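Just so it is clear, none of the values below were taken in a lab; they were calculated from the coordinates. This structure is a prediction, so every number in the text was calculated from the model and none was measured. Please note: Cβ atoms are built from the backbone with ideal geometry, for glycine as well, and neighbour counts cover all protein chains shown.
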Amino acid sequence: MAHGTGTSRRTYIAVFAALLLLTVITVLVSYVDLGLGNVAVAMLIASVKASLVALFFMHLKSEDRLVWGFALVPIAFLALIIFGTLVDTMLR
Amino acid sequence: MTGTSSEHHDPAVAFESAKLGVWTFLATEVLLFGALFTAYTIFRMKYPELFRVEHAKLDRVLGAVNTVVLITSSFTVVLGVDAIRRGKTRLLEAYFGATILLAAVFLCVKYVEYAAKFHHGLYPGTNLFFSLYFMMTGLHGAHVLLGMAVLTYVLVLSRRGRLSENYYTPVEMSGLYWHFVDLVWIYLFPLLYLVG
C-alpha cells in the first residue's frame, strides 16, 4: 500500500520525550500558585501535547485536507457548544 | 456511486475509506466527551471554590503516573504500526502486547484511586466535582477497556497471519482510536487533578 507517512522512528522517540517532559512541567507548575494563570498554563501545555499526538502519532501531519477537516470540524463544534452554553448560563 | 467493482477492491481506496470512517467516529467521540467538558467548564465557573477544595482530594502523583503510562502506551502503538509497515509481525505483536499491558496498569491505578476515594466516603453523588470526576474518568476508563479489546483483536489477527506490510488497516485504525483515548486523558489529567 502506497501511503507511507515518512515519519521516522527517531521522530517518534523525540515526540515521546517531549510528551514526557511536558507532563513533568505541567505537574511542577501546578504546585506554584498563579491564580487563573494555572488554568491557562495547564490548558496550553495540554494543547501542545494533544497537537503532538495528533500531528505525529495520528499522522495528521502527512494527511490531506479532507482528513484535516474531519479532525478540526468537531473541535470547532465543541468550541461553539462550550461558548454558547457559557453565554446562556452566565448571562442569565 | 457508479464505481466498478475493481474500484471497490482497490486496497488504497479501502484504506482511505476506513481511515475517514475512524475519524468520523472520533468526531462523535469528541462531542460525547465534549458534553462533559462543557458541564465541567460551566460548573467550575459557577462554583470555583468547590472545585478548588475538592480537586485537592485527588492524588496528583497517581494521576501523573497514569499520564506517563498512557503516553507510553501511545508510543508503543505507534512503534507497532511502524513495525507492521515494514512487515515485522512479531515486533508488532510485542508492541501491541506491551500496549495492552500498559492499559491494564492504567486501569489498576484507576482502581486503586477509586477504592481510596470510596474509602474516604467520596462517591459519585458526594458533590458536583466528584460527580464529574467519576463520570469523566469512568467514561474514559470504559474507552480504555474497549481499546484493550480492539488491540487484542488486532493481536489475534496478527497471530493468525492475517496482517502484513501489504495489509495492516486494522493496526492503523486501532492505533488512531488508542491515540484518541490518550488525547482525552491529556485534557482530563490537568483539568481534574491539577487545576480543579
Fill in the blank from the handout: Within the under-11-Å Cβ sphere about residue A:54, not counting residue A:54, Lys/Arg +1 and Asp/Glu -1 give a net charge of 0
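How large is the charge dipole for the range B:12-194, taken about the Cα centre, if only the Cβ atoms of Lys, Arg (+1) and Asp, Glu (-1) carry charge, to the nearest 20 debye?
Details: 15 positive and 11 negative charges, 43 e Å.
Rounded to the nearest 20 debye, it is 200 debye.
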Problem - Cα-derived Rg to Rh of the range B:46-196, Kirkwood definition - result: 1.08
Fill in the blank from the handout: The size of the Cβ-based charge dipole (Lys, Arg +1; Asp, Glu -1) of the range B:75-152 about the Cα centre, to the nearest 20 debye, is 220
Practice task
Classify the range B:1-118 as rounded, prolate or oblate, taking a ≥ b ≥ c as the square roots of the eigenvalues of its Cα gyration tensor: rounded when a/c is under 1.5, otherwise prolate if a/b is larger than b/c and oblate if not.
Solution key: oblate
Completion exercise
Between the residues A:22, A:85, A:62, the Cα farthest towards the positive end of the dipole of chain A, that dipole coming from +1 and -1 charges on the beta-carbon of Lys, Arg, Asp and Glu, is from A:62
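Take the alpha carbon atoms of the range B:34-84, find their radius of gyration, then divide it by 2.2 N^0.38 Å using N residues; give the quotient. Please list the in-between numbers first.
Numbers: Rg = 16.8 Å, N = 51, 2.2 N^0.38 = 9.8 Å.
This ratio for the range B:34-84 stands at 1.71.
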Handout entry: Euclidean distance of C-alpha centroids, the range B:59-100 and the range B:116-172, integer Å
Key = 14
Practice task
Please tell me the relative contact order of the range B:1-109 in percent, rounded to the nearest whole number, where contacts are Cα pairs under 8 Å and at least six residues apart.
Solution key: 20
Handout entry: Note, ³J(HN,Hα) from phi for the range B:118-135, Karplus 6.51, -1.76, 1.60, rounded to Hz, x at Gly and Pro
Key = 4, 4, 8, x, 9, 10, x, x, 4, 7, 4, 5, 6, 4, 5, 4, 5, 5
Problem - Count, lysine Cα pairs under 27 Å in the range B:29-184, 8 or more residues apart or across chains - result: 4
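Using only C-alpha atoms and all pairs of different ones, pull out the Kirkwood radius for chain A in Å with one decimal. All intermediate terms of the calculation are to be shown ahead of the outcome.
On the way: mean 1/r = 0.0631 Å⁻¹.
Result for chain A, one decimal place: 15.8 Å.
So what's the net charge close to residue B:154: Lys and Arg +1, Asp and Glu -1, counting the other residues with Cβ under 13 Å from its Cβ? Present the calculation step by step, with values, prior to reporting the outcome.
Details: positive: B:159, B:160, B:162; negative: B:93, B:172.
Every neighbour counted, the sum reads +1.
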Exercise for the section: Using just the alpha carbons, could you tell me how many Å³ per residue the convex hull of the protein assembly as shown encloses? Expected result: 139
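Kindly provide the chymotrypsin sites (Phe, Trp or Tyr not before Pro) of the range A:10-39 that DSSP labels as loop, not H, G, I, E or B, and whose Cβ sees at most 11 other Cβ atoms within 10 Å. Display every interim value, and only then the final one.
Numbers: sites: A:12, A:16, A:31; in loops: A:31.
Answer in residue order: A:31.
If Lys and Arg each add +1 and Asp and Glu each add -1, what is the summed charge of the other residues whose beta carbon sits under 11 Å from the beta carbon of residue A:64? Working shown, then result.
Details: positive: A:65, B:19; negative: A:63, B:16.
With Lys, Arg at +1 and Asp, Glu at -1, the net is 0.
Tell me what chain B gives for mean residue ellipticity at 222 nm when only DSSP H runs of n ≥ 4 count, each as -39,500 (n - 2.57), the sum divided by the residue total, rounded to 500 deg cm²/dmol. Walk me through the intermediate numbers first.
On the way: 7 runs with 157 residues, N = 196.
Per the formula, -28000 deg cm²/dmol.
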